[in-house]
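The structure appears below as structure tokens.
All of the numbers you see were taken from the coordinates with simple rules; none came from a lab. It should be emphasised that the depicted structure is a prediction, and the values quoted were computed from it without experimental measurement. Cβ coordinates were reconstructed from backbone atoms using ideal geometry, including for glycine residues, and neighbour counts include every protein chain displayed.
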Amino acid sequence: MKTTFFIRYIGLSAVFLLTACAKTNETSETNDLTTESAVVQATDNAHHGMHLGAEQAVQNATYKVGDELPKDQVCMVNNAYMGKKQFEVPFEGKMYYGCCNMCVERIPNDESARVAIDPFSKKKVDKSEAYIVLVDQAGTVSYFENEANYHQFLNM
């Protein structure tokens, strides 16, 4: 019994280490966590912030540092360009995007997932309405009120 659990845990951990946080949008038909699904959830949570695929997505994309990004390819919880369409999260008539189920659940419940500070004006900006720019090759993004603020920021 212990050996089977250990082998499953190692196998599941390896799978999660080799994949990015973005997953298929699956719904569970039961709220009961089995031992195996608890291990999956714990492993997912432990590796969630790593976004192993984000840097590779930047390297393979047509976008370069300083380019405006399509909103639907940005995980707005992790402020990261992911290189592919993310999960849509409608909230109060606006559309936000997250890379995994944890992000999808966080967006409606956490204002910091929906709001950023414009680096130029220092004002709050709604991420769903922001001018989003790729900051570095690791996939980090910044949110501006508009394109003009971005260009003024560059000239500071």
Item to check | Summed side-chain charge close to E111 - residues other than E111 whose Cβ falls under 14 Å, Lys, Arg +1, Asp, Glu -1 | outcome: +2
Item to check | Order of M82, M95, M156 - criterion: other Cβ atoms within 10 Å of each residue's Cβ, fewest first | outcome: M156, M95, M82
Checklist entry - Per-residue HN-Hα couplings for the range 76-87, Karplus 6.51 cos²θ - 1.76 cosθ + 1.60 at θ = phi - 60°, whole Hz, x for Gly and Pro? => result 6, 7, 9, 6, 9, 6, 10, x, 7, 4, 9, 5
Checklist entry - Size of the dipole of the range 54-154 about the Cα centre, Lys and Arg at +1 and Asp and Glu at -1 on the beta carbon, nothing else charged, in debye to 20? => result 60 debye
Item to check | Burial ranking of peptide ranges 141-149, 73-81 (average Cβ count within 10 Å, highest at the top) | outcome: 73-81, 141-149
Checklist outcome for this item: Phi-derived 3J(HN,Hα) across the range 114-129 with the Karplus relation (6.51, -1.76, 1.60, θ = phi - 60°), rounded Hz, x for Gly and Pro, is 10, 10, 10, 9, 5, x, 8, 7, 6, 8, 5, 10, 6, 4, 6, 10
Next on the checklist: Within a 10 angstrom radius of the beta carbon, how do L134, L154 rank from fewest other beta carbons to most?
Outcome noted: L154, L134
Checklist outcome for this item: Any residue on another chain or 5+ positions along whose placed amide H is under 5 Å from the amide H of T140 is listed here as Y81, V135
